[in-house]
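Here's the structure, in structure tokens; my notes come after.
What follows is calculated from the coordinates using simple rules that are stated; it is not laboratory data. Everything numeric here is computed off the predicted structure, so don't read it as measured data. Reconstructed Cβ throughout: ideal geometry from the backbone, glycine too, with neighbour counts over all protein chains shown.
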Amino acid sequence: MGDSGNSAQQPAPAAATTDTKAKGPWPAKTKPKVVEKKEVRILMLHGYTQSGPLFRAKTRAMEKLIAKALAPLNLVPVLFYPTAPNRLSPRDIPGYELPAGAASAEDVEDADAWAWFRRDDASGAYLLLEEGMRALAASMAEANSASSSSSSGEAEDGVEAASVSGEDKVIDGVIGFSQGGAVAAMLASALEADRGRIPRPHEGWVDALRKANRGRPLKFAVVYSGFYAPPHDLTWLYEPKVKTPTLHYFGSLDTVVDESRGQGLVERCEMPSVVVHPGGHYVPVNREWVMPVVGFVSKCVRED
């Protein structure tokens, strides 16, 4: 008779386990590497009779090329396109033709045309310059206090962008065309701390500009078809010479800005570089003519 009740129970064989994690040569997933992506904050100043939105439309291709070319250097351009405050009437626009049915310029609605200043034909003085510069200061202050969408912190290709703190945000440089190019050079000069004594009539707007950029000078200025300001009360902007690095573009077929005025600005800058393109009075936006801007901007920003 079997004594099964007193015999020891044998342990059941261990159940086979399955490792649900894939085994192979692949490394474990790691957190995206944080790379410091530095913003390059640039003011884009339109020309006489233009506006900020119009200037952006005309330079959109250049904006894209600059962003693409600076990306490998972990530089993120952030461009701001303010509009000048001084509205122009149709009669102020060179070559303006009245539309059919209009007897005079008064019969035409105000055009979307703006100026940073007006030149008085009789005296040569720059009218409304203070209004233009104070509006520019307000635009700079707004840009420096605004949050940026370029440093979102979202991972892309295993790299995470580091955010830029608000206190570090200042305008790094300026790109201007024609009248905007003249203003770009004035702005660079006015922000230089060692500019010396500012004439009393201009103290207010210079102080506003410096406060808007937290007392920081520009790192560069790119001037397309620009010129110097000849009025005697503005000579302090060029004496001593503008120390901010400048890149000047001129069109060999430009008939709008006299060559002597453009060259006069170059001669009033301490570190000018000059590029001549085979065109007229416009900003060339194809790759061949944008790449010098990329090299110039990256050099100025990285040397700082």
Which entries in the list LYS211/LYS241; LYS37/LYS219; LYS169/LYS241; LYS64/LYS243; LYS37/LYS243 go over 25 Å, if you measure between the two C-alpha atoms of each?
LYS169/LYS241; LYS64/LYS243; LYS37/LYS243
What order do you get for LEU253, LEU54 when you list them from fewest to most C-beta neighbours inside 10 Å?
LEU253, LEU54
How much FRET efficiency would the formula 1/(1 + (r/R0)^6) give for ASP233 and GLU36, where r is the Cβ-Cβ distance and R0 is 41 Å, rounded to 0.05?
0.40
Pulled fully out, how much extra length does the chain show between GLU303 and VAL275, if you take 0.36 nm times their separation in residues and subtract their Cα-Cα distance?
7.9 nm
Neighbour counts of other C-beta atoms within 10 Å: give me MET291, MET140 arranged from fewest to most.
MET291, MET140
How many angstrom lie between the C-alpha centres of the stretch 72-86 and the stretch 184-256?
18
What ranking, highest mean first, results for peptides 196-208, 68-80 when packing means the other Cβ atoms within 10 Å averaged over each residue?
68-80, 196-208
